[in-house]
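S.K.: There's a structure below that I have some questions on.
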Amino acid sequence: MKKAISVLSGGLDCTVATSVFKDDFEIHAITFDYGQKAFKRELRAAKEICSKMGWAHEVIDLPWLAKISNSSLNTDEDIPELSESDLDNLEKSTESASSVWVPARNMVFTSIAVSYAESIEAEKIIVGWDAEEAATFPDNSKEFLETFNELISVGSPDNIKIEAPLIELNKEEIVKLGLNIGAPIELSYSCYKGSEKQCGVCESCMRRKRAFKSLGMKDESEYEI
């Protein structure tokens, strides 16, 4: 079977994106430890997802990224808490995105994934980039995807392509797709804070909660709020 690398944090988006390819590719998932507060909980989610789906899994440590980052994800800075109305307020959501921004994170992750893909002769790299987050995170955008694929076509001797099946979807559409294709979204963990239950008030939690609410469906994962 053809091989694919999944950049899998254990979150909703990457879980659904990877599941799109579950029947046609041998999935090799990689989870990055860059000193994020939620790493232990993300890792547990990623392991549970891979165990259920029969995907190979490996952890890649990036201590240097943790050292240089000033993001609230991996420093003592408080992670922003948003209301549902704040999600569509560009100023508020931009402030939140700026606080949790880790320097060149997706560029680093994707470059490493290309190296991994070359090493095991994988054809695809699967990422969970989506349209809703692209509004404030440029490294989730369609332009970023197309540019990175062009870079790979020039810089790699292998025929490798980044696949972002959610690139034009919002969270509600992502949840709907996940349910339709049997993605193990009940095992995914989206929270920035890393508590046992998802906090329910960080931007990532709020976007997830709103998606399920809009669909009139219960999220099987647990929240503190």
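The values are calculated or read from the model by the stated rules, or taken from the named source; none is laboratory data. Owing to the predicted nature of the structure, the values given are computational and were not obtained by experimental measurement. Reconstructed Cβ throughout: ideal geometry from the backbone, glycine too, with neighbour counts over all protein chains shown. The protein model used for the area step is the full one, side chains on, heavy atoms only, and it has no ligands, DNA or RNA in it. Shrake-Rupley method; radii C 1.70, N 1.55, O 1.52, S 1.80 Å.
S.K.: Can you give the Kirkwood hydrodynamic radius for segment 1-93, in Å, rounded to one decimal and based on Cα pairs?
M.R.: Its Kirkwood hydrodynamic radius stands at 14.9 Å.
S.K.: Put +1 on the Cβ of every Lys and Arg and -1 on every Asp and Glu Cβ in the chain; which of Phe109, Ala45, Cys14 then has its Cα farthest towards the positive end of the dipole?
M.R.: Result: Ala45.
S.K.: Also, I was wondering about something else. I need to check one value: relative contact order of the chain, counting alpha carbon pairs closer than 8 Å and at least 6 residues apart, in percent.
M.R.: With pairs under 8 Å counted, the relative contact order is 27 percent.
S.K.: Further, regarding this structure: Straight distance only, please: which lysines reach the Cα of Lys37 with their own Cα at less than 24 Å, same-chain residues fewer than 8 apart left out?
M.R.: Straight-line reach from Lys37, under 24 Å: Lys47, Lys67, Lys92, Lys171, Lys193, Lys197, Lys209.
S.K.: Right, next: Check every DSSP H run in the chain and write down those whose alpha carbon atoms cover 27 angstrom or more along the long axis and whose mean Kyte-Doolittle hydropathy is -0.5 or greater.
M.R.: none
S.K.: For the chain, what is the accessible area per residue in Å², given a 1.4 Å probe and the full set of protein chains? Walk me through the numbers before you get to the answer.
M.R.: Working: 10550 Å² over 225 residues.
Value for the chain: 47 Å² per residue.
S.K.: Here is a further query. Against the globular-protein guess of 2.2 N^0.38 Å, express the Cα radius of gyration of segment 154-197 as a ratio, rounded to two decimals.
M.R.: My calculation over the Cα atoms of segment 154-197 gives 1.65.
S.K.: Another one. Pairwise over distinct Cα atoms, reciprocal of the mean inverse distance: report the Kirkwood radius of segment 123-220 in Å, one decimal place. Present the calculation step by step, with values, prior to reporting the outcome.
M.R.: On the way: mean 1/r = 0.0671 Å⁻¹.
The answer is 14.9 Å.
S.K.: Taking the chain as a Gaussian network, Cα atoms linked when under 10 Å apart, which of Ser204, Ser99, Ser19 shows the biggest mean-square fluctuation?
M.R.: Ser99
S.K.: For the chain, what does -39500 (n - 2.57) per DSSP helix run (n ≥ 4), summed and divided by total residues, give at 222 nm, in deg cm²/dmol to the nearest 500?
M.R.: It lands at -13000 deg cm²/dmol.
S.K.: Would you list which aspartates and glutamates come within 15 Å of Lys40, measuring only between C-alpha atoms, while excluding same-chain residues fewer than 8 positions from it?
M.R.: Counting by Cα, and skipping residues close in sequence, Lys40 has these aspartates and glutamates nearby: Glu48, Glu58, Asp61, Glu196.
S.K.: Additional query: If you average the sequence gap of Cα pairs under 8 Å that are 6 or more apart and divide by the length of segment 1-119, what percent do you get for the contact order?
M.R.: About 25 percent, as a whole number.
S.K.: Still on this structure, I have one more. List, largest first, the extents of the alpha carbons of segment 1-40 along their principal axes, each in whole Å.
M.R.: Result, largest extent first: 35, 16, 10 Å.
S.K.: Taking N as the number of residues in segment 47-94, what is its Cα Rg relative to 2.2 N^0.38 Å?
M.R.: 1.75
S.K.: Take the chain, connect every pair of alpha-carbon atoms lying under 10 Å apart with a spring to form a Gaussian network, then pick out the residue of Gly54, Gly35, Gly194 with the largest mean-square fluctuation.
M.R.: Among Gly54, Gly35, Gly194, the largest mean-square fluctuation in the Gaussian network model of the chain belongs to Gly54.
S.K.: Please build a GNM for the chain, connecting alpha carbons under 10 Å apart, and tell me which residue among Gly182, Gly155, Gly200 fluctuates the most.
M.R.: Highest fluctuation among the options: Gly155.
S.K.: P(r) tail for segment 1-156, what percent of Cα pairs lie past 21 Å? It would help to have the intermediate numbers written out before the result.
M.R.: On the way: 5901 of 12090 pairs.
It works out to 49 percent of all Cα pairs.
S.K.: State, to one decimal in nm, how far the label point of Asp88 lies from the label point of Glu143, with both points 7 Å from Cα in the Cβ direction.
M.R.: Calculated label separation equals 2.5 nm.
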